[in-house]
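Enquirer: A single structure is presented below for examination.
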Amino acid sequence: MNRSIEPVSWLISIGIHALIIGLLTQTIMHLPVDSILPTPPIDVTLYAPPQPKQTDTALVGRQGVRPAPEPKSLPGDRDQPETREKTLPVYPKSALNTNLEGTVTVRVTVSDNGRPVAVDIVSSSGHASLDKAFVRAIMDGYRFKPRRVMGKNVVGRIVLTHTFRLGESS
């Protein structure tokens, strides 16, 4: 191959390319811009903040809507203590020997840790030995889930009843 022809062919190639580019740029420069790159129309939507809902006029005061009321109770709250553990009272021997029966109703004051702190007799069985046996069973063998208000244990009261009957285990 002849090396003297190569530089000439390169020059001719560069010249032809420059001529084509020049013609194209002249043609493009005279065209309107819209015909070169047509732009699609742009759909413009202005942001509108959400409108406040219509409120009941009873809820609207001078300063606007009243805040939600504070809850009056929480899940797990208890109106009164609940029995968690209990031991049946021992039937007094003197009551067994004399065939005494009866029903005792008491009001138990339960501390915030679930222990009975006081027992008041609401309705006696009519026999002091039966009443004392039930009170002793409560103080020694009963445990409670304390009353809960707004998630906190507080002192509460519960009314309990026990019936002493001969021939029954309870």
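The values are calculated or read from the model by the stated rules, or taken from the named source; none is laboratory data. Since this is a predicted model, take the numbers as computed values, not measurements. Cβ atoms come from the backbone with ideal geometry, glycine included; neighbour counts cover every protein chain shown.
Enquirer: Just checking: which of the strands (runs of 3 or more DSSP E) contained wholly in region 114-162 hold 2 or more residues that are surrounded by fewer than 14 Cβ atoms within 10 Å (Cβ to Cβ)?
Expert: Values: elements: 116-123, 143-145, 147-149, 152-154.
Those strands (runs of 3 or more DSSP E) span 116-123.
Enquirer: Could you please tell me which pairs satisfy a Cβ distance under 8 Å, a separation of 6+ or placement on different chains, a first residue in region 1-30 that is assigned to a helix (DSSP H, G or I), and a second residue that is modelled with pLDDT under 75?
Expert: Ile28/Ile36
Enquirer: Would you mind stating whether Glu101 is surrounded by fewer than 18 Cβ atoms within 10 Å (Cβ to Cβ) and out of contact with any helix residue (DSSP H, G or I) (no Cβ under 9 Å at 6 or more places or on another chain)?
Expert: Working: surrounded by fewer than 18 Cβ atoms within 10 Å (Cβ to Cβ): yes; out of contact with any helix residue (DSSP H, G or I) (no Cβ under 9 Å at 6 or more places or on another chain): no.
No.
Enquirer: From (1) touching a strand residue (DSSP E or B) at 6+ places or on another chain (Cβ under 6 Å); (2) assigned to a strand (DSSP E or B); (3) more than 18 Å from Pro92 (Cβ to Cβ), pick out the condition that doesn't hold for Val106.
Expert: Here Val106 meets the rest and fails (3).
Enquirer: Hey, another quick one. Hey, among Ala68, Ala48, which residue is at pLDDT below 85 and under 30 Å from the mean Cα position of the chain (by Cα)?
Expert: Numbers: Ala48 fails: under 30 Å from the mean Cα position of the chain (by Cα).
So the residue among Ala68, Ala48 that is at pLDDT below 85 and under 30 Å from the mean Cα position of the chain (by Cα) is Ala68.
Enquirer: I'm told Ser94 meets every condition in (1) farther than 23 Å from Asp140 by Cα; (2) without any contact (Cβ under 8 Å) to a residue 60 or more places away in the chain; (3) small (Gly, Ala, Ser) except one. Can you identify the failing condition by its number?
Expert: (1)
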